[in-house]
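> Quick one: structure below, then a few questions.
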Amino acid sequence: MRSMTGYGEATAQGRQAKVVVQVRTLNHRHLDIQSRIPREYLAIEEEIRKVIRQNIARGRVEVFINRAPLKGQGRTLQLDEELLGQYVRGLNRAQRRFGFKGKLDFSLLAQLPELFQLGQADIKQEDEKRLVLGTLESALRKVQRSREREGYQLKSDIRLQLRHLRQIGAGLGREAKTLARRRLEESPSLEGEESFRENHRDLSESLSRALKGDINEEIVRLKSHVEELASLIQEREPIGKKLDFLLQEIQRELNTISSKVPYLPIVRLVLSGKEKVEKIREQAQNIE
């Protein structure tokens, strides 16, 4: 079992740059990937998302990738030779026409900054792709470990609530048998029907209101759902959505039992059961 909240960070250095990948995951009903990546990696953004989908099934995933070029690898200085040639030819023509003295000096270049342009160094796409995706995989492994640690705590708490639900199911079964036995004991015989109605009218009406129907089937289904829930939390696959469905089924059985038999001991057990289901539901909001 894994939680949906976690954090992982990894750093790696290639031939041209140092890459830092940070991944944070939060609760979300579905898989929602939010990426913040340098423009140099826009071409591989879909591959980044694919790697995330292979590792995470549910939750909000925030990915931050930072690229720091190594010294001498980030930018290039480019000389506009064509423009420089025009300057030189123009100055030579001016010297011949107007008779200027002197020679062209290298210091001229420092006075003409427009001759130079700063450009980005060419990135070796394949090398950088392997660097980024490998670093992302490392960060995701750390995220999964943190999610599994929190998932272990969630599983322990759910197991505790499951023990309570088993006890509640057993208690409902005992109360149902008690009510069934009382119904048989209070049933009038054909010979004493009139006398029974006169002497036990109030008790009979009370039992009639309390026993709207048999709840044995609901109790059996309730116990079955609880055991299925106990098996589900042992699975290694994402179980969040299945868990939500099972909790709805358990809640439905509890509601049916209380509506069919509004008998105080049973109502108390049902209320206690709903409390345990709600506690599990709170934990399920954070399960992948």
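No lab work stands behind these numbers, since they all come straight from the coordinates. On a predicted model such as this, the values are computed, not experimentally measured, just so you know. FYI the Cβ positions are ideal-geometry reconstructions off the backbone, even for glycines, and counts take in every protein chain you see.
> Given the options 273, 171, 151, which has the most mean-square fluctuation in a GNM of the chain, springs set between C-alpha atoms less than 10 angstrom apart?
Answer for the Gaussian network model of the chain: 171.
> So which lysines pass the test for residue 101, namely a Cα distance under 29 Å, with those fewer than 8 places away in the same chain ruled out?
none
> Measure nothing but the geometry: give the 0 to 90° angle between the long axis through the Cα atoms of 240-260 and the longest principal axis through the Cα atoms of the chain, rounded to 10°.
Result, in degrees: 20.
> Another question about this same structure. Could you work out which residue, out of 62, 175, 114, moves most in a Gaussian network model of the chain, that is, has the largest mean-square fluctuation with Cα springs under 10 Å?
114
> Right, next: Beyond a 21 Å Cα-Cα separation, which of these cross-linked pairs lie in this structure: 142/279; 223/274; 155/260; 177/279?
142/279; 155/260; 177/279
> Could I ask something else about it? Taking only Cα atoms of segment 75-120, what ratio of Rg to Rh do you get with Rh as the Kirkwood inverse-distance radius?
1.08
> Among the chymotrypsin sites (Phe, Trp or Tyr not before Pro) within segment 1-101, which fall in a DSSP loop and have no more than 14 other Cβ atoms within 10 Å of their own Cβ?
100
> Assuming a viscosity of 0.890 mPa s and a temperature of 25 °C, what translational diffusion coefficient in µm² per second does Stokes-Einstein assign to the chain, Rh being the Kirkwood radius over Cα pairs?
Answer from the Stokes-Einstein relation: 95 µm²/s.
> Provide the descending list of Cα extents for segment 1-95 along its principal axes, expressed in whole angstroms.
Here the spans come out as 83, 24, 17 Å, largest first.
> Among 269, 115, 246, which one shows the biggest mean-square fluctuation in a GNM of the chain, springs joining Cα atoms closer than 10 Å?
115
> With only alpha-carbon atoms counted, please give the Rg and Dmax of segment 222-288, in Å.
12.8, 41
> When we measure straight from the Cα of residue 50, which lysines land under 17 angstrom away, once same-chain ones fewer than 8 places off are left out?
Result set, ordered by chain and number: 129.
> At q = 0.11, 0.13, 0.14 Å⁻¹, what is the base-10 log of I(q)/I(0) for segment 83-178 according to the Debye formula with one equal point scatterer per Cα and no solvent? Please give it to two decimals.
Log10 of I(q)/I(0), two decimals: -0.72, -0.79, -0.82.
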